[in-house]
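Novice: Here you go, one structure.
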Amino acid sequence: MPVSRRGFLQFARPGSEPLAGAFLSARGLEAHFAEAQAQGPRARPLLPPGVDEIRISSNENPLGPGRAALDAILGKFPEANRYPFNSTPSETDLQAAIAAKLKVKPENIVLGAGSQEILKNSMRAFVTPTRGLVTALPTFENCTGYAKKYKLPLTEVKVDSEFRLDVDPMIAAASKGAGLVFFNNPNNPTATVHGVKTVTDMVARIHKASPDTVILIDEAYHDYVTDPSYQTAVPLAMSVPNVIVARTFSKAYGMAGMRIGYAVGTADNVKKLAMLKMPYNVSVFGIGAAIASINDPQHIADERARNTEVRAFTVNALKQMGAKPADSQGNFLFADIGMPAKDFRDACAKQGVMVGRDFPPFEKTHCRISIGTMDEMKKATDVFREVLKAMMSAPAGSGKGK
Amino acid sequence: MLTRRRFVQTVGIGAAAYIGARGRENAIWSAFETPLQALEPNIICLASNENPLGPGKQVLDAVKAAFGPTGAQPGRYSGAAKDLIDAIAKKQNVKPENIVLGCGSTQILRSATHLFTAKDKPLVGTIPTYEECAGYAQMMGHPVTPVALTGDFKIDLDRFVAASKGAGLVFYCNPNNPTATYVGATATRDYLAQVAKTSPETTVLIDEAYFDYVNDPDHDTHIPVAIDNPRVIVARTFSKAYGMAGLRIGYAVGHKDTIAKMADWDAGAGTSSLNVLAMHAAITAIQRPAAEIADERARNKAVRDYTAKWFTDRGMKPTDSQANFMFVNIGRPAKGFRDACKAKGVLVARDFPPFEKTHCRISFGTMDEMKKATAVFEQVLAKKATAA
């Protein structure tokens, strides 16, 4: 047997020394951005010996890619030196595989280095100083951040009392001639979803009032939804002008680190994003892993079932502690914990459990918690219980809660 | 459901099965010691200025390590960009604030074009050169000023100084792709000094993608100039001598203010566009001993000398190549030559106007590949060129 293969098996043996030390300090992408910009030192929680960090802060899939995807990456080693257009399969093959899976044509697909490139390029393509962005609050901030940074008109519509995107005011704002509506379904960080009827109706109303407004429906968490009223908006994107669906391999497909996303829409709209696309934005490893994952749908079904089970356990545990989670249709949940997220986060971090950042305007009461493995969530909920109990028994006005 | 444990136990076998299904098992596992055959078997790819040997075992081992002990780590957003920036800064003797990463140097070139050209601030570049900046400028509706090369296919510095006046960005690709020619470090420094005087608002982007392949005695990086002068940026890539074109990592080195501007524009799709496996590969690659890169330079030079002599002996003139490819006057349209070679399993490069009627760009594979390729060239060139 060749040395290299044996080497990997030895390396991968459970209990062997983890070589990838850098990962131990790796945190969520959001934290990473802040850090990359500040280029400051990394905060590394000091944990007692034997306590592993449980990272449930960035809506990642705790298991990573499926075996088929990992095998495909290994299979791509001989092509590390080849540009993605020269590799077999190539980036064009990935585009075609996605198109086939969604029953659309390759011209209806554009690849992104994560769906973030899709979101950014949608802002560039469709938002102008006179035609702004309509989005939710709170929601995934990429588009909002871009609008603020480049001083583009921005309307943020607060979620409704059930923490769902508040559709009517969003329609009203969009109908005034918005350039782009960002509609995250399920919505990050609240984890709530809207059914296909609501989405279809919204699209029709916006399209009627403002035909040039583009509606970007971000379905990053599509594979985790269990609400039967939900359906993908891909058919809408193919039949109604100016609807684009964004998807990612970062969530159920377990490849956040691989940076692969895509947009689906009419050829005309996709062309506008394709113009802005970075050439060769998906690596040969990413191409191999993504195609292998598409060809392994059972893995995604298993991952959905696993997440559903752990999500139900976590929701139940939180309810028993007196916390109130919003209806979760993602691999995370947004819970009213009755205390500032920062205090909760800091207290949990001391015990190695990393939960989500602040999400104004709910940072005084709500925390976003990603769903890890069952084992991780059993440990994490024990920590939550302890932290919430300590907080409730602390004398009012003791200063601990800020 | 597949458990992680099972993945751990079977990943090697699984990989072999995947590869076996593709009929390339031998190529995979011998990859670490011998030249790769990445495309379809028996196809020789001399079309994209890639390194035929790949990144080497150490770097691929780093990719495996980045899987993490259970294979879960590619599922995590990664903070490895910071470590990669630190490693590059150390290697280049600069500070981390002087480095910005890109998804290949492609992203660096696009960012610079985005930030420094405008409707009234043209992009200046040779014709032909690597097209990324010009393509992006055109898409944005920003003017492009093409500057002809000298008779020996080098950057014409006199014309460049004149064209640089009032330019937003000068794309200075050295060695120049596709002509493979190199302007010595002294002449380049003089050019930069002149632009600083005559057009202080102009930014010059020096693309040193092929830096490690240069054998010219007057060879030096312009990183020190870039660190001092906010109007000079150096672009580098892991795609060439480091053999990692498929992994998509490049970077820019420059004055901290210029780098901050680029990082700011790229905050959304900048570091977020780099994949974790590639970043770990690059952290290992940048620490490879200089002797290994020198070996790759020497290997390439031997192949280059062989190929240049082969064409020269047959009366076809190649440019003075200082890279892992060359631009050669084959006395016939590139397209006919390319199509005929392709039919015989050898891929050479696309058209490069305005020289597409006479010149072809040929990348260097391994010596073995070049011997096979020249045998194909012999057959193809023996036939009269058909009308273009």
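Every number here is computed from the coordinates shown, using simple stated rules; none is lab data. What you are looking at is a predicted structure, and each value in this text was computed from that prediction instead of being measured. Note that each Cβ is placed from the backbone with ideal geometry, even for glycine, and that neighbours are counted across all protein chains shown.
Novice: Classify chain B as rounded, prolate or oblate, taking a ≥ b ≥ c as the square roots of the eigenvalues of its Cα gyration tensor: rounded when a/c is under 1.5, otherwise prolate if a/b is larger than b/c and oblate if not.
Specialist: Verdict is oblate for chain B.
Novice: Determine ³J(HN,Hα), in whole Hz, for all residues of the stretch A:85-97 in sequence, where each value follows from phi through the Karplus function 6.51 cos²θ - 1.76 cosθ + 1.60 and θ = phi - 60°; x replaces Gly and Pro.
Specialist: Those phi angles translate into 7, 9, 7, 10, x, 9, 4, 5, 5, 5, 4, 5, 5 Hz.
Novice: So if R0 is 45 Å, what FRET efficiency would B:Asp216 and A:Tyr150 give, r being the distance between their Cβ atoms, rounded to the nearest 0.05? Show your work: numbers first, answer last.
Specialist: Values: r = 43 Å, r/R0 = 0.96.
Computed FRET efficiency for B:Asp216 and A:Tyr150 comes out at 0.55.
Novice: In the Gaussian network model of chain B, springs joining C-alpha atoms below 10 Å, which of B:Ala373, B:Ala180, B:Ala72 carries the largest mean-square fluctuation?
Specialist: B:Ala72
Novice: How many angstrom separate the Cα center of the stretch B:308-387 from the Cα center of the stretch B:247-303?
Specialist: Taking the Cα centre of each part, the stretch B:308-387 and the stretch B:247-303 sit 30 Å apart.
Novice: Quick one: dipole size for chain A, taken about the Cα centre, charges +1 on Lys/Arg Cβ and -1 on Asp/Glu Cβ, in debye to the nearest 20.
Specialist: 580 debye
Novice: What's the center-to-center distance, using Cα atoms, between the stretch A:138-194 and the stretch B:161-176 in Å?
Specialist: Cα centres, the stretch A:138-194 to the stretch B:161-176: 43 Å.
Novice: Give the relative contact order (percent, whole number) for chain B; include only Cα pairs under 8 Å separated by 6+ residues. Each step should come with its number before you reach the end.
Specialist: Values: 720 pairs, mean separation 81.5, N = 388.
Averaging sequence separation for qualifying contacts and normalising by length gives 21 percent for chain B.
Novice: With +1 on the Cβ of every Lys and Arg and -1 on the Cβ of every Asp and Glu, and nothing else charged, how large is the dipole of chain B about its Cα centre, in debye rounded to the nearest 20?
Specialist: So the magnitude is around 960 debye.
Novice: Also, I was wondering about something else. Put +1 on the Cβ of every Lys and Arg and -1 on every Asp and Glu Cβ in chain A; which of A:Ser393, A:Ala305, A:Ala191 then has its Cα farthest towards the positive end of the dipole?
Specialist: It is A:Ser393, whose Cα lies furthest towards the positive end.
Novice: Here's a follow-up. Would you work out which of B:Val183, B:Ala193, A:Phe334 lies farthest towards the positive end of the dipole of the protein assembly as shown? Charges go on Cβ: Lys and Arg +1, Asp and Glu -1.
Specialist: A:Phe334
Novice: Work out the charge dipole of the stretch B:231-385 with +1 on the Cβ of Lys and Arg and -1 on the Cβ of Asp and Glu about the Cα centre, then indicate which of B:Ala340, B:Leu274, B:Ala302 is farthest towards its positive end.
Specialist: The residue sitting most towards the positive pole is B:Ala340.
Novice: Now, a different point. Between rounded, prolate and oblate, where does the stretch B:290-382 land on the alpha carbon gyration tensor, with a ≥ b ≥ c its root eigenvalues, rounded for a/c under 1.5, else prolate if a/b exceeds b/c? Walk me through the numbers before you get to the answer.
Specialist: Numbers: a/c = 1.86, a/b = 1.58, b/c = 1.18.
Here the stretch B:290-382 falls in the prolate category.
Novice: Counting alpha carbon pairs within less than 8 Å and at least 6 residues apart, what relative contact order, in whole percent, applies to the stretch B:74-285?
Specialist: Reported relative contact order: 27 percent.
Novice: A follow-up question, please. Please find the FRET efficiency linking A:Ala204 to A:Lys103, where r is the Cβ-Cβ separation and R0 is fixed at 25 Å, and quote it to the nearest 0.05.
Specialist: E(calc), rounded to 0.05, equals 0.65.
Novice: On to the next question. Taking 0.36 nm per residue of sequence separation and subtracting the Cα-Cα distance, how much length would be gained by fully extending the chain between A:Met275 and A:Lys342, in nm to one decimal?
Specialist: Using 0.36 nm per residue and subtracting the Cα-Cα distance, I get 20.0 nm.
Novice: Run through the DSSP bridge list for the protein assembly as shown and note the antiparallel percent, rounded to the nearest 5.
Specialist: In the protein assembly as shown, approximately 45 percent of DSSP beta bridges are antiparallel ones.
Novice: Work out from phi, with θ = phi - 60° and the Karplus expression 6.51 cos²θ - 1.76 cosθ + 1.60, the ³J(HN,Hα) of each residue of the stretch B:240-250, listed in order in whole Hz, and give x for Gly and Pro.
Specialist: Whole-Hz 3J(HN,Hα) from phi for the stretch B:240-250: 9, 4, 7, x, 10, 4, x, 8, 6, 9, x.
Novice: With +1 assigned to the C-beta of every Lys and Arg and -1 to the C-beta of every Asp and Glu, and no other charges, what is the dipole magnitude of the stretch A:184-240 about the Cα centre in debye, to the nearest 20?
Specialist: With only Lys, Arg, Asp and Glu charged at Cβ, the dipole is about 240 debye.
Novice: In whole Hz and in residue order, list the ³J(HN,Hα) couplings for the stretch A:189-205 that follow from phi through the Karplus curve 6.51 cos²θ - 1.76 cosθ + 1.60, θ = phi - 60°; x for Gly and Pro.
Specialist: For the stretch A:189-205, the Karplus curve yields x, 7, 6, 7, 9, 10, x, 5, 5, 4, 5, 4, 5, 4, 4, 5, 5 Hz.
Novice: In addition: So what is the calculated 222 nm ellipticity per residue for the protein assembly as shown, using -39500 (n - 2.57) for each DSSP H run with n of 4 or more, over all residues, to the nearest 500 deg cm²/dmol? Kindly include the intermediate steps, with their values, before the conclusion.
Specialist: Values: 29 runs with 333 residues, N = 790.
The helix-only estimate for the protein assembly as shown comes to -13000 deg cm²/dmol at 222 nm.
Novice: With a ≥ b ≥ c the root eigenvalues of the C-alpha gyration tensor of chain A, is it rounded (a/c under 1.5), prolate (a/b larger than b/c) or oblate? Before the final figure, lay out each step's value.
Specialist: Working: a/c = 1.75, a/b = 1.07, b/c = 1.63.
Because a/c hits 1.5 or more and a/b fails to exceed b/c, chain A counts as oblate.
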